[in-house]
Amino acid sequence: MLTTFIRAVSLLGVASGAALFAQAVPAEHFIADELRPYYAHTGFSWKIDSISHFELNYESDTEAARRITQLEEVALRARSSILKMLGEPDYQPTVHVFFVESVERMKQLIGSEVIGRSRPTQHAVFCVVAPFSELSLKHELTHEIATNLWGPAEQWMEEGMANFAVDNKSSLMKRQCLAMMQSRQWTPLKKLVNAEWESSSLSPDEAYPELGGFIEYLYETYGVARLQKIWKDGRILREKDSYAGWAEQVAEAEGAPFLDLNELAARRYEELGPQKTEALFGDPHTHTSPAGAEVNASCVVAALKALKDDPLAPYFSEKARDVPPAGDP
Ligand SMILES: [Zn+2]
């Protein structure tokens, strides 16, 4: 454990930050540009605890200073639990955690009255140290790690995942959900699970347990690989207001035959289940493997055969002849 003392420097912008820090920080201690405003913030005087994967920043004579060894463990444990949940072997970047004493101090430092905040592009996480800081630290670390490994997701998914990470295998989330149902404060999932939902639009107490529970359901039912696809691509495969829906509208307007391949493939994947479906993709998100291409081709044949009077019947190959026409959903 390496502890470095950093003087609060408020002249950033007047003089070069690098030159100022050279006086206070050992030469080998590099501070990224985007983190300098926090270190240089007026009224804050940071100590840095460098451990593997983390730099934990705290101030002298604070709860964080007294509990720093425990907070190290909390951070490391949260990190490995999150990686395990995501099915990822490693996370390279060093995460900079800033522990503050209160919501007021948080507001001074980052401008928001919150108990936790993550800024994944800066690898910075902010956390009020309180009895529950284990939970909020893990929540914010989930944003940091998932967003950097998988890319940014729609907000409902980001928050659902962070809450699932925290409440996984605990009954707290379930009890909160149950209480909301009993008091009829349940928000319809449709309202939460859409691209427009923002975490500021409802109180976290209302929305987060429900979203966490929904992610738990997806995770347990479909597995992490499918969850990653939703993370990347948005909510639903059969998205009628994207290009697949437009194709159908054009076909209808022009009186042209329409093959609903999106629907057929989705049904086929559901029949196969998540594990077998996984084998049909060559990459995590979009492109099929040769086996997946065969499944898609047989969907095309099935759809063609379902057209009125089966107009292409004379042209099918021997292999295609065995494919039954697609039925109604
Ligand atoms: Zn969050």
If you take the residues in segment 247-273 that are without any contact (Cβ under 8 Å) to a residue 40 or more places away in the chain and closer than 19 Å to residue 287 by Cα, which one is surrounded by the most Cβ atoms within 10 Å (Cβ to Cβ)? 265
Restricting to segment 29-46, and then to whatever is surrounded by fewer than 17 Cβ atoms within 10 Å (Cβ to Cβ) and not charged (D, E, K, R), can you tell me which residue is nearest to residue 61 (Cα to Cα)? 45
Test result for residue 172, among the aliphatic types (A, V, I, L, M) and within 12 Å of the ligand (Cβ to nearest atom): no
Give segment 183-200 a look and list any residue that's free of Cβ contacts under 8 Å to residues at least 24 places away in the same chain and of a type in the set (Val, Ile, Thr), or say none. 187
Filter segment 146-163 down to residues that are surrounded by fewer than 24 Cβ atoms within 10 Å (Cβ to Cβ) and assigned to a helix (DSSP H, G or I) and give me whichever is modelled with the lowest pLDDT. 155
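Could you pull out the residue among 178, 189 that is over 21 Å from the mean Cα position of the chain (by Cα), more than 23 Å from residue 117 (Cβ to Cβ) and not basic (Lys, Arg)? Please lay out each step first, then the result.
Details: 189 fails: over 21 Å from the mean Cα position of the chain (by Cα).
Testing whether each residue is over 21 Å from the mean Cα position of the chain (by Cα), more than 23 Å from residue 117 (Cβ to Cβ) and not basic (Lys, Arg) leaves just 178.
For every residue, the table says whether it meets (1) of a type in the set (Lys, Arg); (2) modelled with pLDDT of 95 or more; (3) crowded, with 24+ Cβ neighbours inside 10 Å; (4) in the same structural domain as residue 50 (by TED's automatic domain parsing).
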| position | (1), (2), (3), (4) |
| --- | --- |
| 95 | no, yes, no, yes |
| 98 | no, yes, yes, yes |
| 108 | no, yes, no, yes |
| 119 | yes, yes, no, yes |
| 123 | no, yes, no, yes |
| 127 | no, yes, yes, yes |
| 132 | no, no, no, yes |
Only one of these conditions is not met by residue 109: (1) over 21 Å from the mean Cα position of the chain (by Cα); (2) without any contact (Cβ under 8 Å) to a residue 40 or more places away in the chain. Which number is it? (2)
All strands (runs of 3 or more DSSP E) inside segment 87-132 with 1 or more residues being within 14 Å of the ligand (Cβ to nearest atom): 116-119, 124-128
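The values are calculated or read from the model by the stated rules, or taken from the named source; none is laboratory data. Remember, it's a predicted structure, so these values are computed and weren't measured experimentally. No Cβ is skipped: glycine too gets one built from the backbone with ideal geometry, and neighbour counts run over all protein chains shown.
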